[in-house]
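A.B. asks: Have a look at the structure that comes next, please.
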Amino acid sequence: MRGLLLCAVLAGCASAPEEQSERPWRTRWVKSAGDGATQFGYGVAIDGDAAYVVGEYGGTIDFGTGALEHGAAVSGYVARLDRDGRARWARRIGGSGDASAYVVAAREGHVWVGGYFKGELEGRASAGESDAYLLELDERGATIALRTFGDAGSQAITALAVDGDAIAIAGDFDGTLDLGSGPLTTAGQTDVFVALLGRDLAPRFAKRFGGKSLDRRPRLAMDGESIYLAATYRGPIDVGGPLPDAFDGAFLARLARDGRHVWTKGMPGDGWCFPTSLAVDAQGGVAMGARFTNTLDVGKKLTSTSGEDGLVAIFERDGALRFAERFGGFGQDAISSVAFAGEDLLIAGELQASLGPMLSAGAADAFVARLHRGELAWFERLGDGEEQRATRVAVDPRGGALVVGSFFGAIGAGSTRLVSRGGFDLSGGDVFVASFGP
């Protein structure tokens, strides 16, 4: 796996704390939640001594503070854990209809959760098939504010970032969507939206990107100057300039904090590409994790060796390519999440056979790894012969990382071994949360 061994992959990043780079990492703890239905772990965020986990569940789910019952086939959840993995509280998100919590961000004792809901949510009725929501909680889990967005079609928030006094959200929608800056109307089947809100949830700008077909699954990252947005499109479309016709191609765009377009990079190829995660470093460079098939050009042409592979690409502030590499062996492999930790880059995802020195125990295994100055400093594979997937990784500012995902069979790290109670969807199972660090 050349990408794990290249030097200067992260040249120009801020220096990492000594404990991040020099002390060996170990498993701190692993915990799980779920029953015989299907549960998913979708997002994780860290704020001080608290970690917040979100996802969706059928049946019931219990993180250690009591079972959350379901009022629909699928409900969302948000749970708060301490640094030692002890649950402080958990709450259901949803009403009489289905709901999910896709993303979470936390800062200074405030927690923001985004996703979709049907029917009713905290006294708000959805306008159509499903509406997007942004829910703000305090550190005790009490609601501070709720905003919902939608019409007769389907809308969802799939990406969320908080920086300073602003909150960036992104998602996909059909029909008409008003995020407070005026109505946005899709040009085709599904379009991508991105918006910036103040901490009071007042709108600052909102934009739509899309053509006549399916444009979806946006991811975003934000720093003090820019918002980075990546998504999958079926073109041709215009994102500050025309992109070539593609069937599930990908783009990465940089916007100023006032919504002005700065640049867009199309990623042509003869397969498909789904961006899964974005992260920015201290110098404004942006890392993108993705999964792709066949060939893809991100400024460097990458070729999938078999089936579906993962990739990591890092771009400079001006859009120039800093680094790109394919990761994977035979079968389905994916980079589901990336996060900068000073000089280091954390990656998490799934491997089916091998990914560099990591070998699967069978089916899909979850993994998390840390790259330091372009070399593999540490990795952990979690799983047995059944299905396990890591969905998101978050950096612990005091050193370390937190990973969330879903699993069947048994999952273990260090001396801990947990067994799933099962589920109906092979991409789900039970939720796991694992902590690693020096």
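The values are calculated or read from the model by the stated rules, or taken from the named source; none is laboratory data. Since this is a predicted model, take the numbers as computed values, not measurements. Cβ sites come from the backbone with ideal geometry, for glycine too, and all protein chains shown count toward neighbours.
A.B. asks: Taking D151 as meeting all but one of (1) outside any loop (DSSP other than H, G, I, E, B); (2) among the acidic types (D, E); (3) surrounded by fewer than 24 Cβ atoms within 10 Å (Cβ to Cβ), write down the number of the exception.
C.D. replies: Single failed check for D151: (1).
A.B. asks: Quick one: which residue in L201, L196 is in a loop (DSSP other than H, G, I, E, B) and within 24 Å of R147 (Cβ to Cβ)?
C.D. replies: Criteria check complete, one pass: L201.
A.B. asks: Do we have R28 as at pLDDT below 95, buried (at least 20 other Cβ atoms within 10 Å of the Cβ) and not polar (S, T, N, Q) here?
C.D. replies: Details: at pLDDT below 95: yes; buried (at least 20 other Cβ atoms within 10 Å of the Cβ): yes; not polar (S, T, N, Q): yes.
So R28 fits the description; yes.
A.B. asks: I'd like the full set of residues that are surrounded by 14 or more Cβ atoms within 10 Å (Cβ to Cβ), more than 21 Å from the chain's Cα centre (by Cα) and either aromatic (F, W, Y) or assigned to a loop (DSSP other than H, G, I, E, B) (or both), limited to the range 284-308.
C.D. replies: Passing the criteria: N294, G299, S304, S306, G307.
A.B. asks: Mind telling me which of the residues S96, S181 ends up being more than 18 Å from I46 (Cα to Cα), touching a Pro at 6+ places or on another chain (Cβ under 7 Å) and either charged (D, E, K, R) or outside any strand (DSSP E or B) (or both)?
C.D. replies: S181
A.B. asks: Being modelled with pLDDT of 95 or more, touching a Ser or Thr at 6+ places or on another chain (Cβ under 7 Å), part of a strand (DSSP E or B) and closer than 20 Å to D430 by Cβ: is that true of A90 here?
C.D. replies: yes
A.B. asks: Looking at the range 349-394, which of its residues are assigned to a strand (DSSP E or B), closer than 27 Å to L81 by Cα, of a type in the set (D, E, K, R) and touching a residue at least 40 places away in the same chain (Cβ under 8 Å)?
C.D. replies: E350, R370, E380, R389, R392
A.B. asks: Checking P218 against (1) surrounded by fewer than 21 Cβ atoms within 10 Å (Cβ to Cβ); (2) modelled with pLDDT of 95 or more; (3) not hydrophobic (A, V, I, L, M, F, W, C), which single condition isn't satisfied?
C.D. replies: P218 satisfies every listed condition except (1).
A.B. asks: A further question follows. Considering only residues that are of a type outside the set (D, E, K, R) and more than 22 Å from E56 (Cα to Cα), which ones fall in the range 413-426?
C.D. replies: Taking the range 413-426 and keeping what is of a type outside the set (D, E, K, R), we get 413-416, 418-420, 422-424, 426.
Matches in the range 413-426: A413, G414, S415, T416.
Conditions (1) free of Cβ contacts under 8 Å to residues at least 60 places away in the same chain; (2) touching a strand residue (DSSP E or B) at 6+ places or on another chain (Cβ under 8 Å), marked per residue:
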residue	(1), (2)
G123	yes, no
E129	yes, yes
G153	yes, yes
P183	yes, yes
V194	no, yes
P203	yes, yes
G210	yes, yes
R217	yes, yes
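A.B. asks: Of all residues in the range 222-260, which are under 21 Å from the mean Cα position of the chain (by Cα), modelled with pLDDT under 95 and assigned to a loop (DSSP other than H, G, I, E, B)?
C.D. replies: Across the range 222-260, the qualifying residues are G224, D248.
A.B. asks: Also, quick follow-up: Give the range 396-409 a look and list any residue that's closer than 12 Å to A369 by Cα and outside any loop (DSSP other than H, G, I, E, B), or say none.
C.D. replies: A401, L402, V403
A.B. asks: Within the range 385-438, count every residue that is surrounded by 16 or more Cβ atoms within 10 Å (Cβ to Cβ) and in contact with a Pro (Cβ under 9 Å, 6 or more places away or on another chain).
C.D. replies: 3
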